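Data block below; observations after.
The values are calculated or read from the model by the stated rules, or taken from the named source; none is laboratory data. Source: prediction; values computed, not measured. A quick note on method: Cβ atoms are made from the backbone with ideal geometry, for glycine too, and the neighbour counts reach across all protein chains shown. In case anyone asks, the SASA skips ligands and DNA or RNA and just uses the protein heavy atoms, side chains included. Shrake-Rupley method; radii C 1.70, N 1.55, O 1.52, S 1.80 Å.
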Amino acid sequence: QVQLVESGGGLVQPGESLRLSCAASGTRISDNVMGWYRQAPGKQRELVAAFTSGGSANYVDSVKGRFTISGDNAENTVYLQMNSLKPEDTAVYYCRASSSLGDYWGQGTQVTVSS
């Protein structure tokens, strides 16, 4: 059974940083295309950052230069380092694992950026 558990969200002020974690079980992150998505109230879920099948990373334009996706195969965990946070980054952030065997989502973690 594949499970993805996100953590690390919270309430921060503009300009601060957070690091989100996505701990995977039942599958290896190296066997999947891993990504982070977010959904703000009243908006559609959007891709924030994801690894490509070649191992490089893609980012939505609004987070380029501020967010970094990384993975630790030994910990079987994917991270999203978020710096210089803005109020428009407020959303529920989800981890996704995709492979030929299936498409899996975590339960999400809330990130709120507010002064």
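Points worth noting:
- Diagonalising the gyration tensor over the Cα atoms of segment 14-115 and scaling each eigenvalue by 5 before taking the square root yields semi-axes of 23, 14, 12 Å, largest first.
- Phi angles across segment 8-23 convert, under the Karplus curve 6.51 cos²θ - 1.76 cosθ + 1.60 with θ = phi - 60°, into 3J(HN,Hα) values of x, x, x, 9, 9, 8, x, x, 7, 10, 9, 10, 8, 10, 10, 8 Hz, Gly and Pro given as x.
- Accessible area per residue in Å² at 1.4 Å probe, computed on the chain: 53 Å²
- The HN-Hα couplings worked out from phi for segment 27-43 by the Karplus form 6.51 cos²θ - 1.76 cosθ + 1.60 (θ = phi - 60°) are 7, 9, 4, 6, 8, 10, 8, 9, x, 10, 10, 9, 9, 8, x, x, 10 Hz, whole numbers, x standing for Gly and Pro.
- Computed in the context of the full set of protein chains, the accessible area of segment 37-85 at 1.4 Å probe radius has 44% of its extent on carbon or sulfur.
- Under the combined filter of DSSP loop state and at most 16 neighbouring Cβ atoms within 10 Å, segment 1-109 retains these GluC sites (Glu not before Pro): Glu16, Glu75.
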